[in-house]
Structures are given as C-alpha cells and as structure tokens.
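A short worksheet on the structure shown next.
Values quoted throughout were computed directly from the atomic coordinates according to the rules given, and no laboratory measurement underlies them. Predicted model, so just to flag it, every value in this text is computed and none were measured. With ideal geometry, Cβ positions are generated from the backbone for all residues, glycine too; neighbour counts draw on all protein chains shown.
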C-alpha cells in the first residue's frame, strides 16, 4: 500500500516534468530554439499561480485566494509573456544568442525569486498553496491517486493540443521554418513571427507545469528552480526523442526514474557524512548521459515521426 | 560615490576580461557559445590548488610569502602546472565531444547543448572531488594600502591588475602580428577558405583551446586568490563572461577585456547603489541593452 502511494507520488512529479518537456519540445523539437532558462519559465508559472491562489497575507503582495484553475491560467499567461519578451529580443539574431539570453533570464529570475521578498517570500518561499483535493490529505493513497489523475489529465490535454497543432498548417510552417528558413520565407511565411509564437507557447506550457507542480507540492521556494532543473528537462527531451511528443513524455518518466534510482543507490552506497557530496554524482550521470546520446543517438529513443499528409497522393504538394 | 568601487570594479573586471578572452576566441573560431568555459576557470583554480598543496608538502620553503604579496613562490609555479592541466582538459573534451560533433557536421546549437551538458557534469564532478566547501590559496591577511584619490588596494590586487595588462597586451600582439595570429583570424573569417589556402585548421583549433584554457586557468586562480575557490565559481562567472564577450564584440580581444572591465565596474557600482544581492543581474541587464542597441558589440562587425 505504501508502495502504491509512493508510486503515485513519483509518477505525479514525473508527469509534471513531462509537461515541461512537452513545452520544451515545442521550442526545441518542433522549432529548433535552444532555451537554457527552462527553470526560470517554470518558476514564473509557479510563483504566479502561488500569488494568485494563496490566502491573504499582510506581509506580501498578492494572496488573492483565487481558484486553482485561475492560478494555472495566470501562470500560462505570465510565463508566455516573459517568453515572448525574451524571444522578441533575441530571435532575429544568431541562434546561440537565444541560448545565452535565456540563461541570463533564468539567473535574473532566480534573483527576483530570492530577493523580492514582498512578492515571493524570499529565500523561504511561500507555503499554504492550495492543493487539489486537499480534503483527502488524511488518506495519502487516495490523495496521491487523485492528484496523479489531475496531472495525467493535464499531460493528456497538452499532448492532444500539441499533436493537433503539429498536424495543422501552423505546425507544418513551424517545421518548414526549422528545416529551411529561406525556402519558408520564399513561400511568404515570416520565420521570426512563427518562431516567436512557438517560443511563447512553449513558455506558457512550462509555466503551466510549474503551477501544477507547485499546487501538488503545496509550497514554492527559489531552490526548486535551479539550473539543474533546466538540465534535467533537456536530458528528458533528448533521451526521449526531440520532435516527438510521446518521446518527450517517455523521456521525462525515464530520466526521472534514473534520477530517483541513482539517488537511492547513492544513499545506499555512501556513508551519511559523504552523501551531500555524492549527490553531485547524480548530476554527473545525467550530464554524461546527455553527451553520449548527442554523440550516438541524437534522435533519442522515439525519433521524430514525419506526419503524412492525409490527402491522396495524386494531388500536387502545396 | 565611494571611489573604492573603482578599485573593486577594475579587479573584478580583470578576472572577467581574462576569462572572456578565451570565450570570445572559441566563439569566433570554433563558432559556438561554449558553456563549459566557466568550468575551465573553476577546474584551473582547483588544479592549481592541488599542485600548491603538493609542492608545499615537498618543499616547505616555497610556501613562504614573497613580500609584499600574500602568496609564496609555490603559487606562480603551480599556476603554470594548472594551465597545462586545464589545457589538457579542454583538448581532451574537444577530442571526445566537440571535435566528434564537428566532424559529424552537427549543427552549432547541438554543440552548444553538448557544452551545456558537459558543463553540468564537470561542475558536479568538481563538487564530488573537492566538496562544496570554499578553499583558499593562502590564509595570510593583507592590509589594503592607500594608492591615492581616496582609494586603497592590497598588493595582491595590484599584482592581478598588472598581470592582466601584461597578458592582454602580449596576446593582442601575438594575434595581430604573428603568423599563428593571422591563421586564427583567417579561420574565424572563413574556415573552408582558410583550409584551401593551406592553413592547418585543426592546428588553429588546438591553439585556440590552448590560449582559451590557459587564460581561463589564470582567471580562475585570480578569482580564487581575491575571493575564494568554490566548485560553482565558474558557473557564477559564466553570465558575466558571456556579457563581456558580446559587449566587446565576438572575436575581439581588446573588446572582451574592455567588456570585462565595464561589467566589473558596473557590478561594483550596482553593489553600492542597489545592494549586493542584485549583483548577478547587472550582467543580464547589460546583455539585454547590448542586444537591443548594438548587437554586434563595441568592436564587432555586424553578425548575420
């Protein structure tokens, strides 16, 4: 029974990562935009939702006590807007400027989380964030399973939305821009505009993931959004298969499992006083894995599928 | 305004500038934003620390401070060893990772991603080997001496500024005057064409790593000498390094140095005006301003 409760808890966290990974897949897998500040966008979503839904607190701005769903919506809106602003600034320039700027925005956002105490609660963060099905907390198994259901529903909804978009004319234009900028422009498409849309959409999904995760855990603190999170999500998408939405979900569950197992193994092997330092080996494992995949199987476990046109073959291509 | 901020800024700027030179060279010649560069600084600092410990164990006399500095002869000797090891680390990483991706014709952004993964792994490995506890090259305390205009500096700080000036001037002469420097500029301009003209592109790439990693080691040791040595020191310097390289103009050595000084001074003044907790945001704000107003940087030409 305890195992079932832990399994549900593990999967819920893994699935919140799957949502982030799906968001990154829109930016990187579909569009080829390298975002090194994933944790920052997730954090913006988490904090936005926390400010909107927590009960009133005289020491802080916010505390609007709004429903959780409003928090989720607000998280998407604000994270999407931040992504739009970053994209607007950098998408016209060479591709690695986006990498550097997103790295910078994550550093800057981390400072805001830590230092703007009247909004974010500073280093200690915010507690009393409403949890879905809070009434069931006395029964951990039911509570965890109900939350797993909610998170799985979010993953499914995002997945279906992205699959639909991928097959739509918009998704085709996106891939056209990724594959051949000049040809897409010759067909009258604006690469910068469509990249910007994709980057903002990906950011909004990451914000949603942050909100979902924060409401499940019940508190938010700057330490949850360190560069390590960015790095884990990248490993998830690359391992699973960038460009493939199912790969993004599979990679999230798989890498999160490797993370949890390697953590447990280190706790088993190293004596108590060495564990803080040995925990850094977990990151080494993921880092080496990321590099090996890039070298040997860059397409990941589930490679990108080329969607086939549903029209009969005789018809000329568009 | 406290004039002491100028001293602090120039010193921090020297470290950032030296680190940014290596970054800007690899950026223009190997054509990718190398996220492991910050970790070269940290590894260089720790390599040097280990050699200092090793030498100190063998010959006690080497550790005795050379007046008026806080460090003994062991430190400069160890830096040379640290530079060699950092260079070997960079060349090894290029051999097993970046070089293979280049040979496969991987996109730039894939190489950037690989450098991001390698940087996480290198930093955590450092934390595993040396633990997260801060280390110091010397426990000696130094008194800051007045140097005029109401400013004070320790002999170590003045030494760092002087050494930076010598290194930058020497490197600038080498790149602008020597055959190797010409070859480097040719490869930065157009690697394929440079190859056709008989330039050994592989050799130029190795020279670039040698210069970049050696300077990274010196910058890391300086940061360690003036502040402290931590596994995350390179990561914390990464954003200032990128901001300095872009502000100066990618590929420009004087630009990277000037960019480093501007960032160091801005940080020092920001600490006085808005507070130390926002220091790390200064580089980001400068980076955004440069991208908005002059994306090619101070000395850069327009990038595509």
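Centre-to-centre separation between the Cα atoms of the range A:144-212 and those of the range B:263-304: 32 Å. Remark: relative contact order (the range B:1-148) = 27 percent; criterion is Cα-Cα distance under 8 angstrom and separation of 6 or more residues.
Shape of the range A:104-218 from the C-alpha gyration tensor: oblate (a/c of 1.5 or more and a/b not above b/c, with a ≥ b ≥ c the square roots of its eigenvalues).
The distance between label points at residue B:192 and residue A:269 comes to 4.7 nm (points 7 Å beyond Cα on the Cα→Cβ vector).
Just to confirm the number: angle between the C-alpha axis of helix A:2-24 and the first principal axis of chain A, 0 to 90 degrees, nearest 10? Its long axis makes an angle of about 40 degrees.
Peptide packing: for B:201-211, B:35-45, B:252-262, the average count of neighbouring Cβ atoms within 10 Å per residue gives the ranking B:35-45, B:252-262, B:201-211, highest mean first. A Förster radius of 51 Å combined with the Cβ-Cβ distance from residue B:296 to residue A:2 puts the calculated FRET efficiency at roughly 0.25.
Would you calculate, for the protein assembly as shown, the mean residue ellipticity at 222 nm contributed by helices, counting each DSSP H stretch of 4 or more residues as -39,500 (n - 2.57) and dividing by all residues, to the nearest 500?
Roughly -23500 deg cm²/dmol at 222 nm, from the helical runs in the protein assembly as shown.
In this simple spin-label approximation, residue A:161 and residue B:277 carry label points 7 Å from Cα along the Cα→Cβ vector, and these lie 3.4 nm apart.
Reported to the nearest whole Å, the Cα centre-to-centre distance from the range B:16-46 to the range B:168-202 is 18.
The angle separating the long axis of helix B:233-248 from the principal Cα axis of greatest extent in chain B is about 60 degrees.
The separation of the range A:21-77 from the range A:241-293, counted between C-alpha centres, amounts to 25 Å. A simple packing score, the average count of other Cβ atoms within 10 Å per residue, orders the peptides A:230-236, A:43-49 as A:43-49, A:230-236, with the highest score first.
In this label model, residue B:172 and residue B:129 are separated by 3.5 nm, measuring between points 7 Å along each Cα→Cβ vector. Ordering A:281-287, B:156-162 by mean Cβ neighbour count within 10 Å, with the highest value first, yields A:281-287, B:156-162.
Which of B:242, B:54, B:98 ends up with the largest GNM mean-square fluctuation for chain B, with Cα atoms connected below 10 Å? Residue with maximal mean-square fluctuation among B:242, B:54, B:98: B:54. Given 4 °C and 1.567 mPa s, how large is the Stokes-Einstein diffusion coefficient of the range B:4-293 in µm²/s, with Rh as the Kirkwood radius over Cα pairs? The estimated diffusion coefficient comes to 67 µm²/s.
Take each residue of peptide B:223-233, count the partner chain Cβ atoms within 10 Å of its Cβ, and average: the result is 0.
Expressed as a whole percent, how much of the Cα-Cα distance distribution for the protein assembly as shown exceeds 34 Å? Percent of Cα pairs beyond 34 Å in the protein assembly as shown: 45. Per-residue shielding of A:276-284, expressed as the average number of other chain Cβ atoms within 10 Å of the residue Cβ, stands at 6. Rounded to 0.05, the FRET efficiency of the residue B:180 and residue B:91 pair, given R0 = 22 Å and the Cβ-Cβ distance, is 0.85.
Please average, across the residues of B:31-38, the number of beta carbons from any other chain that are within 10 Å of each residue's own beta carbon, and give a whole number.
Mean shielding count: 3.
Taking 13 Å as the cut-off, no amide N atom of the range A:193-225 comes nearer than this to a point 7 Å along the Cα-to-beta-carbon line of residue A:64. For the range A:2-226, the spread of Cα coordinates along the three principal axes comes to 61, 37, 27 Å, biggest extent given first.
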